[in-house]
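> Take this structure, written in structure tokens, and hold onto it; I'll ask about it next.
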Amino acid sequence: MPIVIWITGLPGSGKSTVASAVKEMIPDAVVLRMDELRKIVTPEPTYSDSERECVYRSLVYTAKIINQLGHTVIIDATGNKKSWRELARNIIPDFLEIYLKCPLELCMEREKTRINTHTAPKNIYDKGKAGWPVPGINIPYEEPEKPELIIDTEKESAEEAAKRIVHLINM
């Protein structure tokens, strides 16, 4: 049965890496990456509240339509506001929220050294320190209250995380 899985967490928490690992285990799944969508919807992003609202609502709607067409969808997006994730939960019948919990310091360290294989913007935390709105730095990341799964990416590898997600789906 097709499902929508939102992998949420701070930038650098491992969302794209875990999403890719889940995709390897569910080859027919469609991965929606916020970083890729943003390049189309807002090619010169300002990251304003209104722009984020529009982009995240577009992401949720896209996931819903792809899911209705019979596909499992993996959303790879920070989704720093609970309201966006709740919107998905409210309009998508088979929805799972997966929270990648990771200390901010480790996220910052990973972001500095990551190879940009998932189209994520570079130096996001440095930009946040310079005034850009970055979750965890100068705008809040609203942690999920009741996610279906919490994964500590400081302690678990992407492969272990993917196995736990797939196990949850198959329950």
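The values are calculated or read from the model by the stated rules, or taken from the named source; none is laboratory data. The structure displayed is predicted, hence computed values, not measured ones. Every residue, glycine as well, gets a Cβ built from its backbone with ideal geometry; the counts of neighbours run over all protein chains shown.
Results for (1) charged (D, E, K, R); (2) closer than 17 Å to residue 8 by Cβ; (3) without any contact (Cβ under 8 Å) to a residue 24 or more places away in the chain; (4) surrounded by fewer than 18 Cβ atoms within 10 Å (Cβ to Cβ), shown as yes or no for each residue.
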position	(1), (2), (3), (4)
100	no, yes, no, no
103	no, yes, no, yes
113	no, no, yes, yes
134	no, yes, no, no
142	yes, yes, no, yes
148	yes, yes, no, yes
154	yes, yes, no, yes
158	no, yes, no, no
163	yes, no, no, yes
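> Restricting attention to the stretch 59-70, which residues are surrounded by fewer than 17 Cβ atoms within 10 Å (Cβ to Cβ) and at negative phi?
Result: 61, 62, 65, 68, 69.
> In the stretch 117-140, is there at least one residue being modelled with pLDDT of 90 or more, of a type outside the set (Ser, Thr, Tyr) and touching a strand residue (DSSP E or B) at 6+ places or on another chain (Cβ under 6 Å)?
No, that holds for no residue.
> Conditions first: (1) crowded, with 20+ Cβ neighbours inside 10 Å; (2) of a type outside the set (A, V, I, L, M, F, W, C); (3) on the phi > 0 side of the Ramachandran plot. Residue 123 passes all but one, so which condition is the exception?
If we test residue 123 against (1) crowded, with 20+ Cβ neighbours inside 10 Å; (2) of a type outside the set (A, V, I, L, M, F, W, C); (3) on the phi > 0 side of the Ramachandran plot, just (1) comes out false.
> So, one more: Being surrounded by fewer than 20 Cβ atoms within 10 Å (Cβ to Cβ), of a type in the set (Val, Ile, Thr) and within 13 Å of the chain's Cα centre (by Cα) is the filter here, so list the residues in the stretch 13-54 that pass it.
31
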